[in-house]
1. Nearest 0.05, what FRET efficiency do Glu517 and Lys163 give at R0 = 45 Å with Cβ-Cβ as r?
2. Of Cys28, Cys52, which has the most accessible area with a 1.4 Å probe, and how do the rest follow in descending order?
3. With a/c under 1.5 counting as rounded, go ahead and sort the chain into rounded, prolate or oblate using the C-alpha gyration tensor (a ≥ b ≥ c being the square roots of the eigenvalues; past the cut-off, prolate if a/b is larger than b/c, else oblate).
4. Is segment 297-373 rounded, prolate or oblate when judged by the Cα gyration tensor, a ≥ b ≥ c being the square roots of its eigenvalues, rounded requiring a/c under 1.5 and prolate requiring a/b larger than b/c?
5. Name the long-range amide H neighbours of Glu85: under 5 Å, sequence gap of 5 or more, or other chain; modelled H, no Pro or chain starts.
6. Indicate the gyration tensor shape class of segment 521-580 (rounded, prolate or oblate), computed on the Cα atoms with a ≥ b ≥ c the square roots of the eigenvalues: a/c under 1.5 is rounded; otherwise a/b larger than b/c is prolate and the rest oblate.
7. What does DSSP give for the chain in terms of the percent of beta bridges that are antiparallel, rounded to the nearest 5?
8. Can you give the helix-only mean residue ellipticity at 222 nm for the chain, where every DSSP H stretch with n ≥ 4 adds -39500 (n - 2.57) and the sum goes over all residues, rounded to the nearest 500 deg cm²/dmol?
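The values are calculated or read from the model by the stated rules, or taken from the named source; none is laboratory data. Quick caveat: nothing in here was measured; it's all calculated off a predicted structure. All Cβ positions, glycine included, derive from the backbone under ideal geometry; neighbour counts span all protein chains shown. Side chains are part of the model used for accessible areas, which takes the heavy atoms of the whole protein and leaves out ligands, DNA and RNA. Shrake-Rupley method; radii C 1.70, N 1.55, O 1.52, S 1.80 Å.
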Amino acid sequence: MSNDPIYSATKKLRSRDWFEPLTAWGMCHRGWLRAEGYAEENFEGKPVIGICNSWSELTNCNSNLRTIAEAVKRGVWQAVGFPLEFPTISLGEPYMKPTTMLFRNLMAMDVEESIDSNPLDAVVLLAGCDKTVPAQILGALSANVPALMITSGPMLGSNMRGKELGSGHDLFDYINDYKAGKMTRQQISDIEGCIARSTGHCMVMGTASTMACLVEALGFTLPFGASIPGPDARRLQLAERAGRRAVEMAKQDIRPRQIITPKAIENAIRALHAIGGSTNAIIHLVAFARRLGFDLPLEHFDRLGKDTPFLVSMMPNGPKFVMEDFHGAGGMPAVLKELAPMLHGDALTVTGETISQWTAKAQPSWNREVIYPANRPIEPHGAVVTLRGSLAPGGAAIKRSAASKHLLKHRGPAFVFENYHAMLDQLTDLNLPITKDHVIVLRNAGLVGAPGMPEWGVFAVPLKLHQQGVHDLVRISDARISGTSHGTIAVHVAPEAAVGGPIGLVKTGDLIELDVENRRLDLLVDPAELERRKKDFRPPPSRERGYKKLFVERVLQANEGADFDFLVPPKLEPFPQSLG
Ligand code: FES
């Protein structure tokens, strides 16, 4: 056992319960580690640092995490710790059907139990693709063993024939153009060849970039953790530093619940508004708060959004710029510096410093076309808006910054699609009786209905309208949208249709009103008539088995974070809001 005073001055490491006792089990724990080829002096008395790796060849955006794990290990060895890498289930956005959201809670449970049940003193979490980040955070919050996160980093930007391509951005428009004969098969193939040009996660301000930025705003990674591109050597250097830092965090016993607090969550909500981030982040931040035992109402996002300036111009909110440009402009340190007066500066970060110590050291933006100053913002208020009304009594969300300004207040007749697949069949029908004034309602696409709440809320403008030059119309659903989506799209309508929400009662021709300014989403139908329709509601029969059966039976609604009821404390406290 080491006599190094640095260890004796600190709290007992939890791994010592496994490796210290002179018992049969102690022999087993030491012996089986030696079976991997590690001599005893490798781990004797040293902090054991888990590297929780969501690498998978089925998760394209995390495909560089093996290389990153090696860099983390170098850092751990340098700081005289002992690294042990382990896998969990991984969630790859492009391939998993119907949606990775169906499995976020499964991965969170895997992460929690892998950390909690093993001899780990601290963990470096490696994630990247959309749901892998919140899943690891949820797991780490519940395990509450010292941890920090390194993400895979954004892909490199891409340019084809003078046009900047964003990963995932404009795909529906390209395919509509192809169907309309405006693009060739070869042009589609050329775009496929470079739209996701390197390792790393999607490089527009989609869900992965948003969550990476929020991890930095939460203080749960190292500065610039969100924006250094995936293939950039500086990401490996960052990972090495994270390995060293994890060893220190193990000794200092700095735990996730000391970092991700209500104050840090408010900082992250401010950051979400400032970067024009994905609506998906609302669900995940609510889930983080609820794991901590706090009920975070959707209205709080709005309260904080009212005076949080929208600062970052990137696709899909702007016509150009991707994460590489954002990094060059100063990344999250520059954004947090602009927001500093409205942040909780005393929020602790994984470096052991406070957020205000970070922002004091940060440089202002190098490129004001990408990161605007707070006194001359793109918009004086936040980019993401939550809605309520008779169509969404539990709430809904819309990304104002990606919507068409002329549709932010709109009243029009509903055009209802009963489910996603039926809708897809009809969107290309040139005889569809739909006009640009219609409000498309897609239902049975929520957490229970789909199940898993896929990103079905964004879909192509009906081909008939596309051919008339219509590029946007109001679309409403109980689904989610990808953060790369753009258009006037209200999502997360709660309660969803499958559990009896009003969205399930809408009939084609009913009037719907969207009023973003007043945060309203209303179904303009006589309440007595809605009561009559409600009597006919029958929940759809569940055809699920296994994990999916557990999911539909125990998942909470979107406004409750879409977590499992049994993973949240039974009694929640009101969220300690700093604003009225
Ligand atoms: Fe993985 Fe976009 S598909 S981050």
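1. Values: r = 34 Å, r/R0 = 0.74.
So the FRET efficiency works out to roughly 0.85.
2. Cys28, Cys52
3. prolate
4. oblate
5. Counting only residues 5 or more places away or on other chains, the set is Ile51.
6. Verdict is oblate for segment 521-580.
7. 45 percent
8. After summing the helix terms and dividing by residue count, I get -10000 deg cm²/dmol.
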